[in-house]
1. Which of Lys39/Lys82; Lys17/Lys82; Lys29/Lys93 have a Cα-Cα distance over 19 Å?
2. Per 0.36 nm of contour for each residue apart, how much would the distance between Trp6 and Asp49 grow if the chain were fully extended, relative to their Cα-Cα spacing?
3. State, to one decimal in nm, how far the label point of Asp18 lies from the label point of Ser79, with both points 7 Å from Cα in the Cβ direction.
4. Treating cross-link reach as a plain straight distance, find the lysines whose alpha-carbon is under 16 Å from the alpha-carbon of Lys160, omitting any fewer than eight places away in the same chain.
5. Determine the principal axes of the Cα atoms in region 3-44, then give the extent along each, sorted from largest to smallest and rounded to whole angstroms.
6. May I ask for the net charge around Val7, where only other residues with Cβ less than 12 Å from the Cβ of Val7 are counted and Lys, Arg are +1 while Asp, Glu are -1?
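No lab work stands behind these numbers, since they all come straight from the coordinates. Computed from a predicted structure; not experimentally measured. So basically every Cβ, Gly included, is an ideal-geometry build from the backbone, and we count neighbours across all protein chains shown.
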Amino acid sequence: MNDESWVIDAILKGTEKDRKDAIGYLYDKCYSSFSKLVKKRGTEEQAEDLFQDGLSVMYNNLISGVFRQQSRLSTYLISICKNRWLMELRSQKESVELDEIAASIDEEELRIDIKALKLLQQVLNTDCQAILKAFYYDSKTMKEIRNQFSLGSEHAAKNKKLRC
C-alpha cells in the first residue's frame, strides 16, 4: 500500500472524525494545485465546485469498490477533478460555438431553410416516409417491410429504402 493507505482506511472503516480528517488531508494536499489549473481559464468558484464534485465521486468510488488502489488516492482525485474541468471547458466551447452560429444566421437564410425543408417533405412521398420510419424508427426487418408494403422481395425492399 502507499503512504495514503491510512486515508483509505479512515474513509472505509473509520469514525466520522477519521473520515473528516482524511477528506481534510486530501483537500489540503490537492486543492491548491487543482485550483491553479482551473483559474487559468476559470474562476475560484468553478474550482471549488469541481473539486467538491470530484471529492464526492472519489468518495463514492472508494466506498463502492470502483477505486482499485492502482494509484495514489490523491492522484485519482486530481484525475477525476481534471476530467470534470475538461468536460466543463468542452461544454463552454460548444455553447459559445452554438451562440456564434445562432448570431450568424440571418432571417433570410432561415426562411430559405424552411422552404427547403418543405420542399424536401414534398419530395419524400408517403411510401418513402413510411419505409424509412419502419426501418429506422420501428426497427423492422427487410422481410417485415417487404410484407407491409407488398414488395416483391427483401432485395426490392432494400433497394426501395436506399432510393428513399
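1. Beyond 19 Å between Cα atoms: Lys17/Lys82; Lys29/Lys93.
2. 12.9 nm
3. Here the modelled spin labels are 2.6 nm apart.
4. Cα-Cα hits under 16 Å: Lys133, Lys140, Lys143.
5. The principal-axis extents, from largest down, are 38, 20, 12 Å.
6. -1
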